[in-house]
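A short write-up of the structure that comes next.
The values are calculated or read from the model by the stated rules, or taken from the named source; none is laboratory data. Quick caveat: nothing in here was measured; it's all calculated off a predicted structure. Backbone-built Cβ (ideal geometry, glycine too); neighbour counts: all protein chains shown.
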């Protein structure tokens, strides 16, 4: 196994309380009773921000007050509204860049529906002074203490991290050192090392990048290859992994997984009978459809006013088997259309492209709609503008609706 070094280049009490957030992720009981399923997710998001904007100052003052009663009341109020918007979506809050500002990070877990809808919620946020919202926990402020060992502040720049990259397995080994480690028990050293890496990389990068964290047995040499200061870990790691063509900064909901065509016979020319390859940011949606696993995902979207569909289109580019040039031309048209469509849908907060499928007869672009009625004119305009597209239709991801829903071109 070939390993490549990154070429970038006790009895004491361990306290981690210095960076305890204002609010940890909550677990409220959520309800959909009384919700109008016909109301689009885009409209429901606008209603959420309208409500939040009316109470933004009082919420911020309460969260910054350090009064546990006021904090709990605000937590419950925001939790309830988030849960009504997207069941299971919760949040954590901490002090922002200034003492009277608040940073909110959504907590969606591994649920792709919550991840994607939460991402749109943050993208739709209006300007609210002294508030910062993120769809996931970002890397921590590198100047902020992670806690203390006795009277010693645990500042990220005082840590050293030895980094080793296994390019064959796309795995990162991180070994951490701090001069205070000899004062700590082995388990506390591991806790602190893991906390440093988790906080410096942020939730998205830490989850996206396969890695292990261990503790160095002694301080590394100042000029040791592959050693970086703790406050430089995120920027250095991202730069290196990009050079390795490994996308470390992609948040969890953007990971490309894909479920191919199911077994069995399907009509020629249909997505299920035609599919050759594909990729998706919403693999459970694709799995439900391609593997006939039910309608759990589309049902969950319907309840919150969102829908998912895919556009199947034919074009004038002939694909010659085993001919690389014609294959690249085929891919180029799909990329151009997907990029143009995603940009316009995103700008209108009407939807987002979540994947694609290449078939023998047609190409398929998968779309998550936040407001389908607003999105359809955009979809039609994008396909109408490309002369290479000869015909296009919109289909549902519901296996009970295999016929085209509407003509696009």
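So here's what we get for this one:
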| read-out | value |
| --- | --- |
| Strands (runs of 3 or more DSSP E) contained in segment 209-287 and holding at least 3 residues farther than 17 Å from residue 367 by Cα and at pLDDT 90 or above | 211-215, 227-229 |
| Qualifying residue in segment 109-126 (condition: surrounded by fewer than 17 Cβ atoms within 10 Å (Cβ to Cβ) and over 18 Å from the mean Cα position of the chain (by Cα)) | yes |
| Residue satisfying all of: in segment 361-371; part of a loop (DSSP other than H, G, I, E, B) and in contact with a strand residue (DSSP E or B) (Cβ under 6 Å, 6 or more places away or on another chain); nearest to residue 274 (Cα to Cα) among these | 362 |
| Members of segment 372-409 that are in a strand (DSSP E or B) and either surrounded by 15 or more Cβ atoms within 10 Å (Cβ to Cβ) or in contact with a helix residue (DSSP H, G or I) (Cβ under 8 Å, 6 or more places away or on another chain) (or both) | 389, 392, 393, 394, 395, 396, 406 |
| Condition broken by residue 182, with the remaining ones in (1) closer than 30 Å to residue 288 by Cβ; (2) outside any loop (DSSP other than H, G, I, E, B) satisfied | (1) |
| Residue 157 being loosely packed, with under 15 Cβ neighbours inside 10 Å and in contact with a strand residue (DSSP E or B) (Cβ under 7 Å, 6 or more places away or on another chain) | yes |
